[in-house]
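*Asks:* Structure incoming, see below.
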Amino acid sequence: MTAPSGKGPNADFKVVLLGDTAVGKTALVERYSSGKFLPDQPPTFGASFFLKTLQYQGTSYRVGIWDTAGQEKFDCLSSFYTRGAACGIVCYSLVDNRCKLDRWLEKLMNESGDEHVTVVLCGTKSDLTATQERVWDADLVREYATRYHALHFETSAVTGDHIEEMFDAALAQMVATHPQVRAAVGQTSGRGPAGTGVVLADPGKQPGPAGHRSSPCCR
């Protein structure tokens, strides 16, 4: 098996965030990348990209993180960014039972093209469970995690709870299941510091196969 493709500029691993609109994917990535919570963020258009350097067992890995739009009109774009992902973080709101976990999990498994893809179930907005009903049954979530051999975390972009731990655990599993990437990175020296987030507003200009343009189904 070849290393995951379409990871983004200079990335060793590609991570894609999937989930319905308004579950908090962008807020989660913003908290992880900048340490800040920015309320009232508009829906993502197409996708945004962030490159972060992470350390694991004395080695630096560049992880390209793609935050995708959850609206159905961008479904073909989320499919594009799912391809080649070594890890998919499927987000659902702990206080909203309308989230379509089945849809996003099946998209990841069918479209990543990586037989060893790391699956992460990410419950978002855990801070709201203090004042709002927790609508997802714990047994059901455990059933999903077992079925897809998934890691599971409950996170909050407001407080930052468990976000770093989630990405660290995902990296550890990606390294374990992609020895060819570990070997290639081990031969590379002079790694620089973590990158900064870059919002890609024009899907037709985002990194990808040569000549890629947005599909008519996404216009």
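The values are calculated or read from the model by the stated rules, or taken from the named source; none is laboratory data. It should be emphasised that the depicted structure is a prediction, and the values quoted were computed from it without experimental measurement. Positions of Cβ are backbone-derived with ideal geometry, glycine not excepted, and every protein chain shown enters the neighbour counts.
*Asks:* From the list 129, 124, pick out the single residue that is within 23 Å of residue 26 (Cβ to Cβ) and crowded, with 21+ Cβ neighbours inside 10 Å.
*Replies:* Going through 129, 124 in turn, the sole match is 124.
*Asks:* State yes or no: is residue 13 at pLDDT 95 or above, touching a strand residue (DSSP E or B) at 6+ places or on another chain (Cβ under 7 Å), crowded, with 18+ Cβ neighbours inside 10 Å and closer than 27 Å to residue 181 by Cβ?
*Replies:* Here the answer is yes, as residue 13 does meet what is asked.
*Asks:* Run down 96, 114 and say which single residue is surrounded by 13 or more Cβ atoms within 10 Å (Cβ to Cβ), part of a loop (DSSP other than H, G, I, E, B), among the charged types (D, E, K, R) and within 16 Å of the chain's Cα centre (by Cα).
*Replies:* 114
*Asks:* Got a number for residues in region 99-111 being in a helix (DSSP H, G or I) and either more than 13 Å from residue 19 (Cα to Cα) or touching a strand residue (DSSP E or B) at 6+ places or on another chain (Cβ under 7 Å) (or both)?
*Replies:* Residues that pass the stated criteria total 8.
*Asks:* For region 93-137, name all the residues that are touching a residue at least 60 places away in the same chain (Cβ under 8 Å) and among the aromatic types (Phe, Trp, Tyr).
*Replies:* 104
*Asks:* Filter region 23-44 for residues that are in contact with a strand residue (DSSP E or B) (Cβ under 9 Å, 6 or more places away or on another chain) and either at pLDDT below 90 or of a type in the set (S, T, N, Q) (or both) and give the result.
*Replies:* Across region 23-44, the qualifying residues are 26, 33, 34, 44.
*Asks:* Still on this structure, I have one more. In region 138-182, what residues are in a helix (DSSP H, G or I), within 17 Å of the chain's Cα centre (by Cα) and surrounded by fewer than 16 Cβ atoms within 10 Å (Cβ to Cβ)?
*Replies:* Listed by number, the residues that qualify are 145, 164, 165, 168, 172.
*Asks:* Between a first residue in region 19-36 that is farther than 22 Å from residue 53 by Cβ and a second residue that is of a type in the set (Val, Ile, Thr), which pairs have beta carbons less than 7 Å apart while being 6 or more apart in sequence or on different chains?
*Replies:* Hits for this filter: 19/90; 23/124; 24/124.
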